[in-house]
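Notes for the one structure printed next.
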Amino acid sequence: MTAPFKDRARAALADPVLKLAIDRTTGNAERKRAAALAAFPEFDAARARGRAIKDHVVAHLDHYLELFEKNATARGAQVHWAADDAEARAIVTRICLAADAKLVTRAKSMLGEEIGLPHALADAGIERVETDLAEHIIQLAGEAPSHIIWPAMHRTREQVAELFKAGHQPPPAAEDPATMVQSARRVLREKFLSADIGISGANFLIADTGATCTVTNEGNAELTTTPPRIHIVTAGIEKLVPSTAHAFALLRLLVRSATGGEMTQYTTFHAGPRRPGDADGPEEMHIVLVDNGRTKMLADEFREMLRCIRCGACMNHCVVYRQIGGHAYGGTYPGPMGSVLTPVLDGLAASRDLPNACTMNGRCAEVCPVGIPLPTLLRAWRRRSWREGLEPGPLRAGIGLWAQLARRPRLYRLATRIGLPLMRLFGRSGWIARLPLAGGWTAHRDLPRPAARSFMDQYRAQQKARK
Amino acid sequence: MPGEPKPTVGLFVTCLVDAIRPQIGFATLQLLEEAGCVVEVPQAQTCCGQPALNSGDDRDAAHLARQTIAAFEGYDHVVLPSGSCAATMVHGYPELLAGDPDWAARARAMAAKTHEITSFLADVMGYAPAGRRLQASATYHDSCSGLRELGIAAQPRALLSHVEGLEMRGLPGNDVCCGFGGTFCVKYADISNAIVTEKAEAIEETGAELLLAGDLGCLMNMAGKLNRRGAKTRCFHTVEVLAGRAEGPAIGEEAP
Ligand code: SF4
């Protein structure tokens, strides 16, 4: 699907409001992260530890999964296993229908997006209410998240005011942020209290206690998971950590990398449903552990991607993301991490553009708090795409021709001797403004006119003259 | 060091320098000789294979890697006026040939003695240019591969500080990619254009007369955009300034 990605990218590039919104958010995130790291001299050590924790868990995933299931079950939670997105959707809808649920509140979870939960709930005739402020915004707009930390980061304050005016009854009295937040609170509060089921994601699954851990900045996860009768957690199996201490080690990395904060506002642990004597909490707790390609990654060259803690730093620092935003990527996860994950989830044939649409500048890997070598993984996808013949014919032919020429130094010299003067014919003064077959270049920039004689020619002539 | 044999250097010229701007090659050659090296330019060299490597065409890339290794095995050092081609040899070759019993060790040996020119001059040879003058203001863009794969940041700046009269100005976002990315700039021309446009704006805002960088690919991208925008910024490879050759025509200027 070469055209769709390029079309989406082109549309995004033509939208100045989108660019403004992206610049505001990612620019802030970049500055705050830099400041947070400057005040955290142990960052490198913390990063090495985080990486080691994730690698350890990934290497012993079966062990920790069993441990987690045992401990979560002992706490009264019901653990379900989903091999893929369809199975995950089916499990969640089955629980909802069995409980005769009419209204479901949901706290942000990218995994829910990954498995297509919003659609599945709609198809089952269940009303779904997003409780995260940003998710609420995109639900009003009928969109998908465009960033894993700020799902509505592509929308400006002004656009949000419009959405609230149209979507809230009664509409907010003014357009200042405080009034708008009040308005959203009022609308959402009713839903919190009348929901039958709350669905949340998890940032960590803690093996030795069987608890799940969710962090938010708004406290909406608490309101989503506490009042309803049933709480469903959906999480990828790579979210496991051995213990609470390990979760905190990763949390320090996550928060600083994501928002530049030192701590999230809310960090909640859910360990089973309400017990006799508990003041509140759901009567039932279900945990759906989702594989969806993850064990396959375990066995191949994308294994390191399982370290990802979904902080979003890679996209905030990506030159491509910052030009086109998250929707242009077309998958659940955007940016560099998404370009590695989307081919796993959607297949390489449908997403071969993503690993290619990267300049390989390495900034994503530099900022990744768990040291994922994103460019190396993107190159692995390119290699696979080349091997499977998914790369477009003209590119294959061009690279092949170039390689054939470059493998024959004498022929290569001859070609430059003929080619350079020919190419010079397209130039006026020192620049070429239009060159056949190089339209991608000259559409946007001039090309310096090549030398009349290559370095090699000139050098050889000098050497001869010296002798 | 009198009495000690001079190190031999095989100069890899890079395909872009060879075709587009040979004076970068000559400036590199001059600096290496001034630093006390015996320099040769092996004739069997062409392209380091980066376009194939970055496109996922490992077979062709491996062929070019073997060809390049064979051509440069006899020297104490391999030096290039490009961070990205140097990074291809330092990191790409050993990875490409890791599974090849005949070539894995040779690739590692090549990687161990391959250097980008400014890091070679500063770190290995302890060289500093003497008696260079250039009355101009300049700004410097850190090209990504050199910066992140080889740690090149301090060396070019230290070397440039020896050029009398040269006023260096900071470039906001100096470590942000210019959008070149090899084949990326033609495969995703619109995105690349948006990125280089921002870069050009940042360069113009510094008000510097010159833009310097250590990779001709990135320089062509930025210079081509600056020219299309009608900016007067003149673009040079760092070695041209270091070798005292920045009085002549800049990239895209015709020799009189
Ligand atoms: S790949 Fe790294 S930087 Fe990107 S979201 Fe995952 S952990 Fe964060």
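Just so it is clear, none of the values below were taken in a lab; they were calculated from the coordinates. Being a predicted model, the structure only gives us computed values, none of them experimental. Note that each Cβ is placed from the backbone with ideal geometry, even for glycine, and that neighbours are counted across all protein chains shown.
At-a-glance table
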| quantity | calculated |
| --- | --- |
| Residues A:W386, A:W81, A:W381, sorted so that the one with the fewest Cβ neighbours within 10 Å comes first | A:W81, A:W386, A:W381 |
| Estimated distance in nm for a label pair at A:Q169 and B:E205, the labels positioned 7 Å out from Cα along Cα-to-Cβ | 4.7 nm |
| Longest to shortest principal axis, alpha-carbon extents of region A:186-326, angstrom | 49, 37, 27 |
| Fluctuation leader among B:T233, B:T183, B:T28 - chain B, Gaussian network, Cα springs under 10 angstrom | B:T183 |
| Under-5 Å amide H pairs with A:I199, H placed in peptide plane, nonlocal only | A:T105, A:R106, A:A107, A:I232 |
| Shielding by partners - mean other protein chain Cβ count within 10 Å, residues of A:307-320 | 2 |
| Taking B:L171, B:L64 and counting other C-beta atoms within 10 Å, the order from fewest to most | B:L171, B:L64 |
| Residue exposure sequence - B:S145, A:S385, B:S161 - by fewest surrounding Cβ within 10 Å | B:S161, A:S385, B:S145 |
| Relative compactness, chain B, computed as alpha-carbon Rg over 2.2 N^0.38 Å | 0.99 |
| When each of B:K6/B:K113; A:K70/A:K108; A:K6/A:K165 is checked by Cα-Cα distance, pairs over 23 Å | A:K70/A:K108; A:K6/A:K165 |
| Region A:1-129 - convex hull of alpha carbons, volume per residue in Å³ | 222 Å³ |
| Kirkwood Rh, Cα atoms: Rg over Rh of region A:75-173 | 1.03 |
| 0 to 90° range, to nearest 10: angle between helix A:61-74 axis and chain A longest Cα axis | 20 degrees |
| FRET efficiency estimate (nearest 0.05) - Cβ-Cβ, A:H119 to B:D123, R0 41 angstrom | 0.10 |
| Amide H contacts under 5 Å for A:I287, placed H, 5+ residues apart | A:Q78, A:V79, A:H80, A:V233 |
| Efficiency of FRET between A:E388 and A:W81 - r from beta-carbon atoms, R0 41 angstrom, step 0.05 | 0.85 |
| Computed E for A:R410/A:A52 - FRET, C-beta separation, R0 56 angstrom, nearest 0.05 | 0.60 |
| Summed residue charge, Cβ within 13 Å of A:D84's Cβ, Lys/Arg positive, Asp/Glu negative | -2 |
| Spin-label pair A:E127/A:T244, simplified geometry with 7 Å Cα→Cβ offset, distance in nm | 3.7 nm |
| Number of partner chain Cβ atoms within 10 Å, mean per residue of A:378-386 | 4 |
| Degrees separating the helix A:85-98 axis from the principal Cα axis of chain A, which is the longest one | 20 degrees |
| Reach of B:K232 by Cα under 30 Å, taken over lysines that are not fewer than 8 positions away in the same chain | A:K19, B:K187, B:K199 |
| Kirkwood estimate for the protein assembly as shown, i.e. one over the average of 1/r between Cα atoms, Å | 27.7 Å |
